[in-house]
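Working notes, structure below.
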Amino acid sequence: MCAIRIQMAWRGYLGRMEYHRELAAKVEERQLNYFHNMATKIKKVWKGHYVRKNVYDYYAMKKYLGALEEKNKIVREKLREYEEEMRQREELEAEVKQLEKYDKYARSCHYMMSTQVKAGVFVKDSDQSSGFEEQIKAVFPKDLSKKKNKWHKTDKKLDDNSTYELPPLRRVQGPFKNPSVVYMQRHKSLKPTLKVQTDFNTEDVAKEKDIQEEWCKRVIDAEFAPFSRMKYEYMPSLHKNTQFSNVNYGTKSFREKPVELLGSNQFKTVFKNIPEFDNMGETYS
């Protein structure tokens, strides 16, 4: 009983000490969590004040957005002016192209104009002139005569003994090459093609050459005949023709000695039977 009382008192003391240690640790943990929470709130308030005052200033942001809006208006106005200018330019280019197309068509219809004898196809009444014919006259050139060279026009009368030098030609008329090129083409060395260089009977000559080389390397001239065409009798091998034939090991028996010589007791047991193994799975008495 005394030992039990001592153990009870000692264990109670140890339990109370462990409880106080855990309680102190829990209190310290709660205090640290409280302090961390308060520090977080202090930092949150300070950061909000600092950002609102220095980083994201409301009045500065409002001023910046106002200036940005004014700049956007200016840019939009310039883009609108540029768009209008480009549209006018495209319309002008389209109108010029249309006029050029109209002038080209009018220039191609010059043969359908009116003459002194007969009215043209574009005139409705014979007394009135068409506006399209006026356009053709304005577009189509009046002087259709070919321009002639002035070198043959001279007022001087040439005598029989007098000479007159013609102007030099600017380029050679006709499909003529340089004389040096023609000379090189006529005197260049002959380069026949492979078809011209090769003999007509090259294939037959190559086959005959292969046959001659094969005949030189041949050991015997007799042609090889298969077994079915052999005229001599079959000669068995030496080990099958003598009395010392091969042992039938592996074909009839896997033992070197016959079973009759071994007797009935081929295997002998070294240990005795164990009765417990014989009663395996049965109930024991």
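Here are a few things to note about the model shown:
- Rolling a 1.4 Å probe across all protein chains gives Trp10 an accessible area of roughly 140 Å².
- Equivalent ellipsoid semi-axes - Cα gyration tensor, the range 1-103, angstrom: 90, 22, 4
- Accessible-area composition of the range 1-136, carbon plus sulfur, in percent [1.4 Å probe]: 58
- Label-point separation in nm, Gln185 to Glu90, each point 7 Å along Cα→Cβ: 5.5
- A simple rule links phi to the HN-Hα coupling: the Karplus curve 6.51 cos²θ - 1.76 cosθ + 1.60 with θ = phi - 60°, which for the range 38-43 gives 5, 5, 5, 5, 4, 5 Hz, with x for Gly and Pro.
- Extension gain for Asn279 to Ala3 (0.36 nm times residue separation, less C-alpha to C-alpha distance): 93.9 nm.
- Cα pair distances in the range 44-120, grouped into 5 Å bins until the bin that holds the longest one, percent each: 3, 11, 8, 8, 7, 6, 7, 6, 6, 5, 5, 4, 4, 4, 3, 3, 2, 2, 2, 1, 1, 0
- Note on Tyr19: accessible area approximately 130 square angstrom, rounded to 10, probe 1.4 Å, nucleic acids and ligands left out.
The values are calculated or read from the model by the stated rules, or taken from the named source; none is laboratory data. Because the structure is a prediction, the values reported are computed rather than measured. Don't worry about glycine lacking a Cβ; one is built from the backbone with ideal geometry, like all the others, and counts go over all protein chains shown. Surface accessibility is based on the protein's heavy atoms, side chains included, excluding ligands, DNA and RNA. Shrake-Rupley method; radii C 1.70, N 1.55, O 1.52, S 1.80 Å.
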